[in-house]
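**Student:** Please find one structure pasted underneath; my questions will follow.
The values are calculated or read from the model by the stated rules, or taken from the named source; none is laboratory data. Quick caveat, the model's predicted, so the values are computed rather than measured. Glycine gets a Cβ as well: all are built from the backbone with ideal geometry, and neighbour counts include every protein chain shown. SASA here: full protein model, heavy atoms, side chains in, ligands and nucleic acids out. Shrake-Rupley method; radii C 1.70, N 1.55, O 1.52, S 1.80 Å.
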Amino acid sequence: MQEERDVFPTSFLLDDQQRRLILSWSDGHESVHSWEKLRRACPCAFCAGEGGSPGMLQRRQQLNREETTLVNLEPVGRYGLTPIWEDGHRTGIFTFEKLRQLCECPQCRPSGR
Ligand SMILES: [Zn+2]
Ligand SMILES: [Zn+2]
């Protein structure tokens with residue numbers, strides 16, 4: 001039996017001031033994601049590596065402003081979102097589940113960071 005996932009983002013907000021993304025979810029939760037952390041978590045082969053070879057993110061200490069500026073989000077099927085970055089990068093697919101795991105709100109990350 002497959003688990004039915006009916007929690008999905010209903011809207012999003014790009015907070016230019018604090019450089020973070022705020023997602024509203026169908027269950028009422030609001031998740032918070034700083035752009036830099038989101039880019040660092042990009043799961044695509046280019047960023048995260050593939051087959052044991054390190055990706056761009058492992059080789060780079062610093063990311064530049066374009067690489068960590070989120071300009072838009074595009075839905076991927078019914079399971080995920082692709083962030084569109086200012087440097088043109090748009091191949092990372094974040095599933096809804098992963099986005100919820102990455103949430104940085106005080107409720108999800110009580111210890112702060
Ligand atoms: Zn990527
Ligand atoms: Zn949260």
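**Student:** Among the residues of the stretch 22-51, which ones are open to solvent by less than 80 Å² (accessible area, probe 1.4 Å) and over 16 Å from Gln107 (Cα atoms)?
**Tutor:** If the condition is that a residue be open to solvent by less than 80 Å² (accessible area, probe 1.4 Å) and over 16 Å from Gln107 (Cα atoms), then Ser26, Trp35, Leu38, Arg39, Ala41, Cys42, Pro43, Cys44, Ala45, Cys47, Ala48, Gly49 are the ones that fit.
**Student:** A further question follows. Step by step: first the residues of the stretch 52-100, then only those that are outside any strand (DSSP E or B) and within 16 Å of ligand 2 (Cβ to nearest atom), then the one that is surrounded by the fewest Cβ atoms within 10 Å (Cβ to Cβ). Which residue is that?
**Tutor:** Glu97
**Student:** A further question follows. So in the stretch 21-38, with the set limited to residues that are more than 13 Å from Leu73 (Cβ to Cβ) and within 13 Å of the chain's Cα centre (by Cα), which one is nearest to ligand 2 (Cβ to nearest atom)?
**Tutor:** Only one residue tops the list, namely Val32.
**Student:** Among the numbered conditions (1) under 20 Å from Asp15 (Cβ atoms); (2) away from ligand 1 (no atom under 13 Å from the Cβ); (3) touching a helix residue (DSSP H, G or I) at 6+ places or on another chain (Cβ under 8 Å), tell me where Tyr79 comes up short.
**Tutor:** That leaves (1) as the condition not met.
**Student:** Restricting to the stretch 48-77, give me the number of residues that are farther than 16 Å from Lys98 by Cα and touching a residue at least 12 places away in the same chain (Cβ under 8 Å).
**Tutor:** The number of residues fulfilling the criteria is 11.
**Student:** Are any residues in the stretch 41-51 at negative phi and outside any helix (DSSP H, G or I), and if so, which ones?
**Tutor:** Ala41, Cys42, Pro43, Cys44, Glu50
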